[in-house]
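Inspection log for the structure reproduced underneath, given as structure tokens.
What follows draws every value from the coordinates through simple rules; no lab data is involved. Nothing here was measured: the structure is a model prediction, and the numbers come from that model. When we count neighbours, we look across all protein chains shown, and the Cβ atoms used for this are built from the backbone with ideal geometry, even at glycine.
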Amino acid sequence: MSNLEVFMDWSLTSAQAAVFLHTESTGSTQDDLAAIWPGSPDFTVLIADDQVAGRGRIGRQWHSEPGHSLLISVLVSLPIALREQLHWLTLIGGAAARAATGSERVKVKWPNDVVVDNKKIGGIIGEHCGESDGRISAVLGLGMNLSITEFPTPTAASLKSVGLPVPSRDELAAAWLAGLRERINAFEAAAGDPERSGVLTEINTHCDTLRPGIMVGRPANSPVYGTGRAVLADGSLEVATDGGLVRITAGEVSLFN
């Protein structure tokens, strides 16, 4: 971690975070926050101007450009009793990120992307830290493209490239953190029940994956082709195929028509 300092932008208030940290450049905000856990309170936040080793799911590289992206990670936790629901933090992070943009065109894509017209503008990564003081902790990261105009793949985009308003990095960060805290509090108050907390309905209402013509590549199985029907209460994706309903717990979704 280099050039770490307390972030003094007062548009990011203590209502959203316990501690704000900032660095001009780092390898990974995820790794930096994991390195100071335990000993840092929930909602310790790190924002980076530049990130040279950012990553998405399964170690994929995350492309970003200084001054044109939001690169942020935050320490969050749930009671140890909700250990089996920890994976919901990634979906909650995606729901909060979608809402933070303020646009109904923005959708969540199961399991961890934020998309517009099936083009990825952002992604969530959740990584387990450990257990301390009766709680299980994770680092939740968001990378979102704000005003990038050139992309490494045709399926990537930014708020600017799809014609949406582009908030400042700090405005979007504050909105995401406020929404994230609200949803995590509701999830914990509902004892980890995504339906009672409201997040399951929110995700299914705004999920781009619930459509015909999807293919789900699975790490250790053959791909599944069909129609995305619903995100279920255990966080899995239900797909209607020619052979019946299939429940998928891990995979990569793309369109095949």
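Values as computed for the structure displayed
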item	result
Separation between Cα centres of the range 140-191 and the range 62-136, rounded to whole Å	9
Eligible aspartates and glutamates near Lys109 by straight Cα distance, threshold 13 Å, same-chain separation 8 or greater	Asp117, Glu202, Asp208, Glu252
Between 0 and 90°, nearest 10: helix 88-101 axis offset from the chain longest Cα axis	80
Theoretical gain in end-to-end length, Thr241 to Thr201 [0.36 nm per residue, Cα-Cα removed]	12.1 nm
Among Gly126, Gly243, Gly213: highest mean-square fluctuation, GNM of the chain, C-alpha pairs under 10 Å	Gly243
Of Thr149, Ala250, Pro38, farthest towards positive along the dipole that unit charges on Lys, Arg, Asp, Glu beta carbons give the chain	Ala250
Crossing angle, helix 169-189 versus the chain [Cα axis fit, 0-90 degrees, rounded to tens]	70
Difference of contour (0.36 nm per residue) and Cα-Cα distance, Val166 to Arg105	20.6 nm
For the chain, projected area of the alpha-carbon convex hull averaged over all directions, nm²	13.3
Sum of side-chain charges, His68 neighbourhood, beta-carbon under 13 Å (Lys, Arg +1; Asp, Glu -1)	-2
Nearest-20 debye value, the chain charge dipole, Cβ charges on Lys, Arg, Asp, Glu	760
